[in-house]
Amino acid sequence: MTQDRPLLAVLEALKTCFPVVEEQQRLWQASLTDCRPLLASLRNLAEQLQAAQNLRFEDVPSLRAFPDLKERLRRKQLEAGDTVLDKLGENLAALLKVRDTVSSHVGQVLRIYEQHADAVGMDAVLQASVVSPSVADMLEWLQDIERHYRSSKVPEEKVPPVLNPLGRLAEHPSYAHGLGPDFGG
């Protein structure tokens, strides 16, 4: 029985890790789903900003009565963009947290395995049963899962404030380009 303790410790770590990974995947998907309408909204705001910039308000007779309309409209659009960017930043933080949580749990399982690897032995690690895959397979799956999250293109920092009154989309061409065809360069 003492010979089985190291294997049981590894199996218990695996048993604990997989539900955590499953829950984190649900959170990941929910955050990505929440981003889609926000990105569409940001794209629409960028198009509106560009259209308003190209419009000569003074050439439209009904708009001449509102000399500061162009600037007020621009300010409102920029404020709306900041709101959307804040929400995207929250989703980005959630994605980073998922990535880090998965990495932490997988790392913990691998550390437990490494502590007990010699005592467990290669035969026990490679042995699968009708009801359970081998420990080696499960460890490989966890490494693949972690690699998936690590290789996902999640920026390491908050979304920059490209749509605030102090900044301009044109000053951030890489973001402007991602908002739609022919926007900002």
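Computed values, structure above
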| item | result |
| --- | --- |
| Residue in the range 35-47 that is among the polar types (S, T, N, Q) and part of a helix (DSSP H, G or I) present | yes |
| Verdict on L95 being part of a helix (DSSP H, G or I) and either modelled with pLDDT under 90 or under 17 Å from the mean Cα position of the chain (by Cα) (or both) | yes |
| Unmet criterion (only one of (1) open to solvent by 100 Å² or more (accessible area, probe 1.4 Å); (2) over 30 Å from the mean Cα position of the chain (by Cα); (3) touching a residue at least 40 places away in the same chain (Cβ under 8 Å)) for R150 | (2) |
| Residue identified as crowded, with 17+ Cβ neighbours inside 10 Å, under 34 Å from the mean Cα position of the chain (by Cα) and under 29 Å from E146 (Cα atoms) among L45, L88 | L88 |
| Selection count where residues are open to solvent by less than 40 Å² (accessible area, probe 1.4 Å), out of contact with any helix residue (DSSP H, G or I) (no Cβ under 6 Å at 6 or more places or on another chain) and more than 17 Å from T16 (Cβ to Cβ), scope the range 96-128 | 3 |
| Any chance P61 is surrounded by fewer than 16 Cβ atoms within 10 Å (Cβ to Cβ) and over 19 Å from S103 (Cβ atoms) | yes |
| Which listed residue, of Q50, Q77, is in a helix (DSSP H, G or I), open to solvent by less than 80 Å² (accessible area, probe 1.4 Å) and farther than 24 Å from L92 by Cα | Q50 |
| Test for S62: is it within 30 Å of C17 (Cα to Cα) and assigned to a helix (DSSP H, G or I) | no |
| Per-region count, the range 33-42, residues within 19 Å of E79 (Cα to Cα), in contact (Cβ under 8 Å) with a residue 40 or more places away in the chain and open to solvent by 50 Å² or more (accessible area, probe 1.4 Å) | 1 |
| Long-range neighbours under 7 Å by Cβ, at least six apart or interchain, first residue farther than 27 Å from Q115 by Cβ within the range 9-32, second open to solvent by 50 Å² or more (accessible area, probe 1.4 Å) and part of a helix (DSSP H, G or I) | none |
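The values are calculated or read from the model by the stated rules, or taken from the named source; none is laboratory data. All figures in this text were calculated on a predicted structure; none of them were measured in a lab. No Cβ is skipped: glycine too gets one built from the backbone with ideal geometry, and neighbour counts run over all protein chains shown. Keep in mind that these areas ignore ligands, DNA and RNA; they rest on the heavy atoms of the full protein, side chains included. Shrake-Rupley method; radii C 1.70, N 1.55, O 1.52, S 1.80 Å.
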